[in-house]
Amino acid sequence: MRRGVKVIGGLVAWVGGTLGALAAAVANLEPEVLADLRAQAAAVIDRFDVPDVKAFLRAADALPDPGVRTVWRTKDRSQAYSQAEYEALPTEAKADLTKRECDAGFYYQTGYGSPMIYARPLELAARAGDGTLRGKKVLDFGYGMIGQLRMLATIGCEVQGVEVEPLLRALYSEPMDTGAVRGPDGSMGRVTLHHGRWPGEKAREVGGGHDLFVTKNVLKRGYIHPERPADERFLIKLGVPDEAFVRAMHDTLKPGGVAIIYNISPAQNPDDKPFLPHADPRCPFPKADLERAGFEVVEYDKDDSAFMREMWPAVVPMKPEDRAGLDANLFARYTLLRRPR
Ligand SMILES: C[S@@+](CC[C@H](N)C(=O)[O-])C[C@H]1O[C@@H](n2cnc3c(N)ncnc32)[C@H](O)[C@@H]1O
């Protein structure tokens, strides 16, 4: 009898130990970026006052593991295919494609850094609206990475992202990437991605009725109207005249809706060095053009460098000596617009 108890006890201990080891192994399998994103959100949350922006940051806790994705690209990078699309291609079309494995770090941050930075434009926009984000219909022009879209959907927003980069279309093509997102509090949001030019070919598909139009590091004067000759590959083509673009921004909003153009940049090169398009963070559209389209211009090219220099080191890994250089090499500006009721 005593022996039987010992055996059962030993078995229970063994099963318990094995399950514990298994749980630890599973925990270790979580991609490092998910813990990094949660840590970034926790590190900046106290800088924000708007409750829904805090909720947006807390939504980092609910970001799922997307696994490793394989995408295939043409050499000139003008086309990209998901693994499923690749497998359906004829053999001769596969020959010239290059394989790229995209881990969870790339999935959430691509080359553009932390989605937590979006908390700043979202807070400015929320304050210019009714002070909330939950349940809002949001359009992110040139979204560049999916994390901020997913986090907004987690707090119940209906989010649309527009992009022209073929790699992102192929990368974000699994069923879990888009569609309904249930937040931990039971709220339901949605992510919809559009690949192509907006407003050009995508205006009808994207539609209107947005509460918020957000665009970060896309509508920079340096990209759209560079002051000096620049490498064409680094410029952004809107595909329509400025007036048509600004009108589309206005018309895609509900009356009372808000648009924010938020840009972060390094210092510009001196005149004897090549012009850096990304280093001119000013709004590409003159204030008068924004007003002519019907916007109330709440802020125009407002300097936000001080806030961003405080926030940046919490979300971007950097050496202490680089922190000291932020005053001379990190700038932020935003333009905040409202469609009158
Ligand atoms: C510097 S990244 C910014 C990405 C992201 N918004 C962020 O803040 O990290 C600029 C993005 O704009 C996209 N883009 C460029 N031209 C575009 C266009 N005409 N329409 C939509 N997206 C565009 C690029 O593919 C790229 O992903």
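What the table below lists for this structure:
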{"item": "Answer from Lys237, Lys254, Lys273 - the residue that is charged (D, E, K, R) and near the ligand (Cβ under 9 Å from one of its atoms)", "result": "Lys237"}
{"item": "Members of segment 160-173 found to be away from the ligand (no atom under 13 Å from the Cβ) and closer than 17 Å to Met249 by Cβ, listed by number", "result": "none"}
{"item": "Answer residue from segment 230-252, given it is out of contact with any Phe, Trp or Tyr (no Cβ under 7 Å at 6 or more places or on another chain) and part of a loop (DSSP other than H, G, I, E, B) and is most open to solvent (accessible area, probe 1.4 Å) among those", "result": "Lys237"}
{"item": "Pick from segment 174-205, criterion within 11 Å of the ligand (Cβ to nearest atom) and under 25 Å from Arg69 (Cβ atoms), ranking: most open to solvent (accessible area, probe 1.4 Å)", "result": "Arg197"}
{"item": "Count of residues meeting criterion [within 16 Å of the ligand (Cβ to nearest atom) and open to solvent by 70 Å² or more (accessible area, probe 1.4 Å)] in segment 112-136", "result": "1"}
{"item": "Residue pairs meeting the criteria (Cβ under 7 Å; at least 6 apart or on separate chains; first within 19 Å of Ile45 (Cβ to Cβ) and more than 6 Å from the ligand (Cβ to nearest atom), in segment 142-153; second modelled with pLDDT of 95 or more and aromatic (Phe, Trp, Tyr))", "result": "Gly147/Tyr108; Gln148/Tyr118; Met151/Phe56; Leu152/Phe56"}
{"item": "Verdict on Val218 being within 16 Å of the ligand (Cβ to nearest atom) and touching an Asp or Glu at 6+ places or on another chain (Cβ under 8 Å)", "result": "no"}
{"item": "Contacts under 7 angstrom Cβ, first residue in segment 278-291 being under 20 Å from Pro340 (Cα atoms), partner open to solvent by less than 10 Å² (accessible area, probe 1.4 Å), 6 or more apart", "result": "Phe285/Val246; Asp289/Val246; Leu290/Val246; Leu290/Leu337"}
{"item": "Residue check, Thr98 of a type in the set (Val, Ile, Thr), more than 20 Å from Thr154 (Cβ to Cβ) and open to solvent by 10 Å² or more (accessible area, probe 1.4 Å)", "result": "yes"}
{"item": "Single residue of segment 55-82 satisfying the filter (of a type outside the set (Gly, Ala, Ser) and open to solvent by 50 Å² or more (accessible area, probe 1.4 Å)) that is nearest to Met116 (Cα to Cα)", "result": "Arg58"}
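The values are calculated or read from the model by the stated rules, or taken from the named source; none is laboratory data. Quick caveat, the model's predicted, so the values are computed rather than measured. Every residue, glycine as well, gets a Cβ built from its backbone with ideal geometry; the counts of neighbours run over all protein chains shown. Accessible surface areas use protein heavy atoms only, side chains included; no ligands, DNA or RNA. Shrake-Rupley method; radii C 1.70, N 1.55, O 1.52, S 1.80 Å.
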